[in-house]
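To keep things clear, I will list the structure first and then write my remarks on it.
Just so it is clear, none of the values below were taken in a lab; they were calculated from the coordinates. Quantities reported herein were computed from a predicted structural model and do not represent experimental measurements. Cβ sites come from the backbone with ideal geometry, for glycine too, and all protein chains shown count toward neighbours.
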Amino acid sequence: MNVRAASPILVHGHRGARAMRPENTIPAFRYAIAQGVDALELDMAVTKDNAIVVSHDPILEAPVCTGPIATAVIHTLTLAQVREWDCGKVQNPRFPKQQTIPGTRMPTLDEVFDLAPLGNFDFNIETKIFLAHPEYTPSPEEFVRLVLARIRAHKLEKRVMLQSFDFRTLVEMKRVAPEIRISALIEGAPRDFVAVGREAKADIISPEFSMVTPERVRAAHEAGLQVVPWTANEPKNWDPLIAANVDAIISDDPAALIAYLKAKSRRRVSAGPSARLR
């Protein structure tokens with residue numbers, strides 16, 4: 001058996017652990033850390049006053065967040081206005097085990113980075129930027145400038161990877177800060193992982209999990225790329241990824257995935273939070 005076949009598979013908690021806690025919130029991230037994740041996966045938006053907040057969608061609306069009006073574009077609101085929304089009050093109907101935590105506010109990227117001393121995990125952070133909707137975000141260059149400033153303020157250059165479906169931010173980050181790992185998100189029709197890596201200046205290819213095949217993973221590894229598929233939540237989806245020798249898996253239920261990998265002897269023994277969280 002070759003080394004790759006026996007290598008451990010890392011676990012990224014998707015939006016923290018949205019199967020169990022309100023997505024992209026401090027309770028979700030704390031839960032994921034306590035379970036022993038190797039990385040917190042999260043999404044970024046930018047407020048009107050240039051605060052980076054953690055949100056998958058550029059528009060605030062139920063069930064993720066509820067507030068004074070039905071919907072609002074984050075980029076048109078100040079941070080103080082975003083804080084008026086409750087992002088833990090309503091259970092996401094897609095996740096029956098999700099525990100509501102009323103009064104939970106949308107965190108800033110700084111507040112998530114403040115969790116860094118709690119363990120040895122990484123931060124897999126996504127720029128939510130849209131070519132068809134430039135009004136939702138700053139320019140790619142400005143978005144990267146704002147994000148990089150927060151990474152450097154917390155001295156987390158070695159613990160952060162930047163991911164996006166919009167490769168403009170990835171190419172810009174590689175240009176201004178080549179030390180930051182770059183992860184290219186892909187979905188839709190199958191694409192050649194190596195070609196995607198070249199296009200995005202990426203170190204990591206992050207495909208929708210159904211795109212993964214052993215052949216694509218092998219070619220990526222031979223080109224020096226890691227493969228980190230998203231978002232797989234059940235054994236029937238984990239098994240093909242394990243067999244394909246992916247480097248990590250992004251999951252809404254990281255605790256269940258960690259237990260499954262342990263049972264398969266594909267979990268790094270030393271992975272997880274520091275001793276003070278055990």
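At-a-glance table
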| quantity | calculated |
| --- | --- |
| Range of Cα positions in the range 1-141 per principal axis (Å), largest first | 56, 36, 29 |
| Restraint check, K201/K236; K128/K155; K155/K236, Cα-Cα greater than 29 Å | K201/K236; K155/K236 |
| Sorted by Cβ density within 10 Å, fewest first, the residues T137, T231 | T231, T137 |
| Distribution of pairwise C-alpha distances over the range 131-264, 10 Å bins, in % | 12, 38, 34, 16, 1 |
| Choice from D38, D166, D252 with maximal GNM fluctuation in the chain (Cα, 10 Å cutoff) | D166 |
| Pairwise centroid distance, computed over Cα atoms, of the range 149-209 with the range 79-147, Å | 18 Å |
| For S164, distant residues with modelled amide H under 5 Å away | S183, L185 |
| DSSP-defined beta bridges in the chain - what % are antiparallel, rounded to 5 | 20 percent |
| Rotationally averaged projected area of the range 71-210 (alpha carbon convex hull; nm²) | 10.4 nm² |
| Descending principal axes extents, the range 97-176, alpha-carbon based, whole Å | 35, 28, 20 |
